[in-house]
Every structure is written in structure tokens, then in C-alpha cells.
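> Just dropping this structure here.
The values are calculated or read from the model by the stated rules, or taken from the named source; none is laboratory data. Because the structure is a prediction, the values reported are computed rather than measured. Here the Cβ is made from the backbone with ideal geometry for all residues, glycine too, and neighbour counts use every protein chain on show. All accessible areas refer to the heavy atoms of the entire protein, side chains included, with ligands and DNA or RNA removed. Shrake-Rupley method; radii C 1.70, N 1.55, O 1.52, S 1.80 Å.
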Amino acid sequence: MFITFEGGEGTGKTTLIENIYNHLSKTHEVIRTREPGGSMIAEAIRDIILNPKYEGVTPYTEALLLAAARAQHLDEIIIPNLKKNKIVLCDRYIDSSLAYQGYARELGFDFVLSINKYATMHLPDLTFYIDLDPKIGMKRIEGREKYDRLDQESRAFHDKVRKGYLEITKEYSNRIVLIDGNKTIEEITQNILSKIRETI
Ligand code: TYD
């Protein structure tokens, strides 16, 4: 089973995935991974995408690098673990590219889908989109030491990312579950766990 987690900055995704992992691994074989990255080569590409020193990366390059990192991650981590019947929990996947590059960077959903054809052949069974007003999310990450190239984008950009996610959630409502990010992490964890158990 392939499960992905999506959302803007500061939605508590990392803690959430850790909680879900801890619960599920009591009874199932589970692995946790993330995008962009998740394997050595994909992590190297991640650095080019996110390191503020590469401020000149253009939107098309960004989208293509993300798709390349994703292909590598699929081949090295996601597909082999799914074949071993493990539950794969992934922090971000193709819906991030749709929301950030397709919608917020205005490259369009069709373009993003076309360069991610390989990933569309391996869509998640279940995706949780944690919805939160960027005003709250960005406040939460304000104190963080690491501020990557995308965190540095404007509020308007992050508002657009959220709009993009809401559109995608509607479009793929059979796969994507909208979660209210204002609830407590414990409430959200329980909500997600029961949905996963239902699907298993
Ligand atoms: P990360 O530090 O993992 O952020 P977060 O903790 O918010 O998940 O950085 C990932 C950044 O990359 C995040 O700003 C979203 C962005 N991103 C895209 O723009 N497109 C993508 O396809 C992916 C996977 C991530």
C-alpha cells in the first residue's frame, strides 16, 4: 500500500508521519520516505532544487528536476518496497508538483502530468492533504533554522499553493482525503489511522 502526505509549509506533516509510522509498524511492515529525495541520487537532486544558493533555478528546470528525483526514488525505494508488500509512507509526491509547479508556478497541470508520466503509472492508493491557512503555517516555521528556496517564497505564492491543492483534492477525490490542519496532531493522527485501517 502506497500512502502519501501533502500540504503547505508548517502543517505538521513530519510529526504526523512519524506518529503514523510508529502506530502502523506495530502491526505491519512499514517504511517512511520523502520527496524530493528519499534515495542518495534523489537527495543530491534535492539539494539543487532547494538550496538557496541555486536561486537561478527556473520554474521548468525545477519541475523537471523534481520529476527526475521522483523517477529515481520510484525505482530505488518506492517500487521495490511495494513489491515486498510493505506499506510505503511518503512525505510529498506528485500532488506537490501539481500544486507548487503546476498551479503556483503556473506551468499547468497538463505539463506537470506529462513530465511525471512514470509517477502517474504508480499513483498512491491513498493521499492525505493537510489543509491549513499559510498565514498559520508560515508563522509556525518562522523560527526554523533551515529556510529552503521554496520556504522563502512570498505569502501570495503559498496562498496559491493552497488553492492548487484544493483544486487537486476535488479532482482526485477518490484518492485524496482532505484533513483539517487546525485540529490537534493527536486528533489528525487518529483520523488518518482509522482511514488507513479501513482501506487495508
Ligand atoms: P521540505 O523541507 O521537505 O518541506 P516540508 O517540510 O514543507 O515538506 O521541502 C520540500 C519543498 O519542496 C517544499 O517547499 C515543497 C517543495 N516541493 C515542490 O515544490 N514540488 C514537489 O514536487 C515536491 C516533492 C516538493
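> So which residues in the range 82-108 are open to solvent by 20 Å² or more (accessible area, probe 1.4 Å), of a type outside the set (D, E, K, R) and away from the ligand (no atom under 13 Å from the Cβ)? Quick ask: steps written out before the conclusion?
Applying the first criterion (open to solvent by 20 Å² or more (accessible area, probe 1.4 Å)) to the range 82-108 yields 82-86, 91-92, 103, 105-108.
Then drop every residue that is not of a type outside the set (D, E, K, R), which leaves 82, 85, 103, 107-108.
Selection gives Leu82, Asn85, Gly108.
> Would you check which residues across the range 121-140 are open to solvent by less than 50 Å² (accessible area, probe 1.4 Å) and outside any loop (DSSP other than H, G, I, E, B) and list them?
Leu126, Thr127, Phe128, Tyr129, Ile130, Asp131, Pro134, Gly137, Met138 - these are the residues of the range 121-140 that are open to solvent by less than 50 Å² (accessible area, probe 1.4 Å) and outside any loop (DSSP other than H, G, I, E, B).
> Since Tyr118 meets every condition but one in (1) open to solvent by 60 Å² or more (accessible area, probe 1.4 Å); (2) outside any helix (DSSP H, G or I), which condition does it not meet?
(2)
> Out of curiosity, is Glu62 touching a His at 6+ places or on another chain (Cβ under 8 Å), within 13 Å of the ligand (Cβ to nearest atom) and within 17 Å of Gln101 (Cα to Cα)? Don't jump to the end; show me each part of the working.
Values: touching a His at 6+ places or on another chain (Cβ under 8 Å): no; within 13 Å of the ligand (Cβ to nearest atom): yes; within 17 Å of Gln101 (Cα to Cα): yes.
Against the criterion (touching a His at 6+ places or on another chain (Cβ under 8 Å), within 13 Å of the ligand (Cβ to nearest atom) and within 17 Å of Gln101 (Cα to Cα)), Glu62 does not qualify.
> Oh, and also: Here is a list: Lys160, Lys117, Lys86. Which entry is touching a His at 6+ places or on another chain (Cβ under 9 Å) and modelled with pLDDT of 95 or more?
That would be Lys86, the only listed residue that is touching a His at 6+ places or on another chain (Cβ under 9 Å) and modelled with pLDDT of 95 or more.
> In the range 149-172, what residues are open to solvent by 80 Å² or more (accessible area, probe 1.4 Å) and of a type in the set (S, T, N, Q)? Outline the logic, then answer.
Looking only at the range 149-172, we keep the residues that are open to solvent by 80 Å² or more (accessible area, probe 1.4 Å), and these are 152, 155, 163, 167, 170-171.
Correct list: Gln152 only.
Quick grid of which residues meet (1) touching a His at 6+ places or on another chain (Cβ under 9 Å); (2) at pLDDT below 95; (3) under 22 Å from Val57 (Cβ atoms):
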position: Leu98; (1), (2), (3): no, no, yes
position: Gln101; (1), (2), (3): no, no, yes
position: Thr127; (1), (2), (3): no, no, no
position: Ile141; (1), (2), (3): no, yes, yes
position: Arg149; (1), (2), (3): no, yes, yes
position: Ser154; (1), (2), (3): no, yes, yes
position: Lys170; (1), (2), (3): no, no, no
position: Ser173; (1), (2), (3): no, no, no
position: Thr199; (1), (2), (3): no, yes, no
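> In the range 69-81, what residues are within 13 Å of the ligand (Cβ to nearest atom) and open to solvent by 50 Å² or more (accessible area, probe 1.4 Å)?
Once the filter is applied, which keeps residues that are within 13 Å of the ligand (Cβ to nearest atom) and open to solvent by 50 Å² or more (accessible area, probe 1.4 Å), the range 69-81 yields only Gln72.
> Which residues, taken from the range 21-47, are open to solvent by less than 30 Å² (accessible area, probe 1.4 Å), part of a helix (DSSP H, G or I) and more than 15 Å from the ligand (Cβ to nearest atom)?
The answer is Leu24, and nothing else.
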